[in-house]
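J.: I have a structure here, written as structure tokens, and I will follow up with some questions on it.
The values are calculated or read from the model by the stated rules, or taken from the named source; none is laboratory data. If you're wondering where the values come from, they're calculated on a predicted model, not measured in any experiment. Here the Cβ positions follow ideal geometry from the backbone for every residue, glycine too, while neighbour counts run over all protein chains shown.
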């Protein structure tokens, strides 16, 4: 998965379920929620690569207005909350709750998909195409991502960014698994630069001449 940001959405989590959770953390920090309504949800799914352009058009045409859009958006936010709880459990090495697993299974029950092989930028990619017959199926791909992480991922590699003003979740794919930042571009460079300036400031203080009245 690309570690990038497109259209205001941060994609640094490696697993799309982590990226979905990260949108809630941005909102919790007092900033604007990247997913503000049903259209925003569909846009996120599209930019995350979980639905293609045709599926995006179908979703907006079928359910983009009215009660269905509001209900689907509300259900997505509730599911995001449950996934955030799971992410917190994993990052703190605690057991995932039954209610969290139930939330995933509830979404997976509406799965109606088929595998499709496509050519990506760095090779072939297999993805599931969902038959969108009802709006709740839009979130199935996020539930699948979570199931994939729980079944096949190394759960000890789920971490939070060490930048206290960020704290986004990510999956540490670094060689020695010592990654501390959600990404170098987003937080790593900034935090390293801040640490450098702190060291320089301490060095200047230590080398400053002692005043006569302090001798």
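Residue-wise test of (1) buried (at least 16 other Cβ atoms within 10 Å of the Cβ); (2) in a helix (DSSP H, G or I); (3) within 22 Å of the chain's Cα centre (by Cα).
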site	(1), (2), (3)
83	yes, yes, yes
95	no, no, yes
116	no, no, no
149	yes, yes, yes
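J.: Given the criterion touching a helix residue (DSSP H, G or I) at 6+ places or on another chain (Cβ under 8 Å), surrounded by 10 or more Cβ atoms within 10 Å (Cβ to Cβ), within 26 Å of residue 26 (Cβ to Cβ) and modelled with pLDDT under 90, identify the matching residue among 162, 194, 112.
T.: 162
J.: So, one more: Taking residue 81 as the residue in question, decide whether it is over 20 Å from residue 134 (Cβ atoms) and in contact with a helix residue (DSSP H, G or I) (Cβ under 9 Å, 6 or more places away or on another chain).
T.: Yes: the conditions hold for residue 81.
J.: With a cut-off of at least 3 residues that are at pLDDT below 90, name the helices (runs of 4 or more DSSP H) lying wholly within the stretch 1-64.
T.: 16-28
J.: Now for a different question. Being modelled with pLDDT of 90 or more and in a helix (DSSP H, G or I) narrows it down to one residue among 156, 189; which is it?
T.: 156
J.: Which residue pairs have Cβ atoms closer than 7 Å, lie 6 or more positions apart in sequence or on different chains, and pair a first residue in the stretch 156-185 that is under 17 Å from residue 89 (Cβ atoms) with a second residue that is part of a strand (DSSP E or B) and modelled with pLDDT under 90?
T.: Sorted first by the residue in the stretch 156-185, then by its partner, the pairs are 168/10.
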